[in-house]
1. Among (1) modelled with pLDDT of 95 or more; (2) outside any loop (DSSP other than H, G, I, E, B), where does residue 170 come up short?
2. If you take the residues of the stretch 66-76 that are within 12 Å of the chain's Cα centre (by Cα) and in a helix (DSSP H, G or I), which of them is surrounded by the fewest Cβ atoms within 10 Å (Cβ to Cβ)?
3. Restricting to the stretch 89-108, give me the number of residues that are touching a Lys or Arg at 6+ places or on another chain (Cβ under 7 Å), surrounded by 16 or more Cβ atoms within 10 Å (Cβ to Cβ) and either touching a residue at least 60 places away in the same chain (Cβ under 8 Å) or in a loop (DSSP other than H, G, I, E, B) (or both).
4. May I ask you to verify whether residue 139 is within 15 Å of the chain's Cα centre (by Cα), under 28 Å from residue 15 (Cβ atoms), at pLDDT 95 or above and not hydrophobic (A, V, I, L, M, F, W, C)?
5. Given the conditions (1) crowded, with 16+ Cβ neighbours inside 10 Å; (2) touching a Ser or Thr at 6+ places or on another chain (Cβ under 9 Å); (3) not assigned by TED's automatic domain parsing to the domain that holds residue 149, report the number of the one that residue 111 does not fulfil.
6. Residue check: is residue 58 farther than 27 Å from residue 181 by Cα, of a type outside the set (Val, Ile, Thr), assigned by TED's automatic domain parsing to the domain that holds residue 29 and buried (at least 20 other Cβ atoms within 10 Å of the Cβ)?
7. Go through the stretch 1-37 residue by residue and tally those that are under 16 Å from residue 95 (Cα atoms), acidic (Asp, Glu) and in a loop (DSSP other than H, G, I, E, B).
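The values are calculated or read from the model by the stated rules, or taken from the named source; none is laboratory data. It should be emphasised that the depicted structure is a prediction, and the values quoted were computed from it without experimental measurement. Counting neighbours? That spans all protein chains shown, and the Cβs are built from the backbone with ideal geometry, glycine included.
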Amino acid sequence: MEKIIIFGVSQLASLAHFYFEHDSPHEVVAFTLDKEYITENEFRGLPVIAFDEIEGLYPPSQYKMFLPISFKQMNFLRKRKYEQAKQKGYQCVSYISSKATTWPDLDVGENCFIFEDNTIQPFVKIGNNCVLWSGNHIGHHTEIRDHVFITSQVVISGCCIIEENAFFGVNATIRDETTIGKGTLVGMGANITKDTPEYSIWIGAKSAMREDKSIDIDSISHKTKG
C-alpha cells in the first residue's frame with residue numbers, strides 16, 4: 001500500500017481523503033499546507049505539516065503526494081503547487097473512481113482527480129494535474145492536456161483537443177474535432193461548435209433574478225476576450 005500526503009485542508013482535500021480511504025490502494029498519512037495558512041495541527045485525524053518542511057518529515061523516496069486544488073486563477077494555482085511538489089522530488093498519484101466507465105487503454109498523467117460516473121471512451125489521453133468532476137462524457141480520441149478542470153455533466157465529443165488550463169462549467173457541450181485554446185473559460189451551458197482562441201470566455205445560459213423572484217433565462221452564444 002503506497003503512502004501519500006494530501007495538499008490542503010479544504011473540502012476538496014476532505015473529498016480526496018474519503019475517496020482514497022474507500023476506493024484506492026493508497027494510505028493517506030498526512031496533510032500539508034503552506035505554513036502561513038495552517039491554523040490547526042490536525043485534519044481528519046491526521047497531522048498537518050508545513051509544505052516547506054514536508055520533505056524532511058515525509059521524504060519523496062518513501063511517500064507520494066496528491067494535490068486536489070480548485071480551479072482558482074484558471075487552474076494556475078494548482079499548476080504552481082503541482083510544479084513545486086515535483087521540484088521537491090515527489091511523484092504525484094492520480095485517483096480514478098472505480099465507478100467511472102473507462103477502458104484498459106486509458107492514458108492518464110499524474111495528479112488527476114477523476115470522480116464517479118465519468119464515461120471516458122477508448123483512445124482518450126488525459127495529461128497531468130486535471131480534474132474531472134462527476135458525470136462527464138469524454139469522447140474517443142480526445143486529448144485533454146495539463147491543468148484542465150471539467151465540472152459536471154460536460155460533453156466533450158470525439159477527436160477534440162483541450163489545451164492547458166481550460167475550464168468547463170456545468171452542462172457545457174463541445175462539438176467533435178474542436179480545439180479549445182489554452183486558458184479558455186467555457187461557461188455553464190455553453191455550446192462550442194468551433195475552435196476557441198487562447199484565454200477567451202464563452203458564455204452559455206445566463207440567469208438573472210427579477211424583483212418578483214422569477215428567473216429570466218437569456219441564452220447567449222457569443223464570446224468576450226479574457
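1. That leaves (2) as the condition not met.
2. Looking at residues that are within 12 Å of the chain's Cα centre (by Cα) and in a helix (DSSP H, G or I), I get 72.
3. If we filter the stretch 89-108 for residues that are touching a Lys or Arg at 6+ places or on another chain (Cβ under 7 Å), which is where we start, we get 90-93, 107.
In the following step, the residues that additionally are surrounded by 16 or more Cβ atoms within 10 Å (Cβ to Cβ) were identified as 90, 92-93.
Okay, now just the ones that are also either touching a residue at least 60 places away in the same chain (Cβ under 8 Å) or in a loop (DSSP other than H, G, I, E, B) (or both), so 90, 93.
Looking only at that region, the number is 2.
4. no
5. Tallying (1) crowded, with 16+ Cβ neighbours inside 10 Å; (2) touching a Ser or Thr at 6+ places or on another chain (Cβ under 9 Å); (3) not assigned by TED's automatic domain parsing to the domain that holds residue 149, residue 111 fails exactly one: (3).
6. Yes.
7. 2
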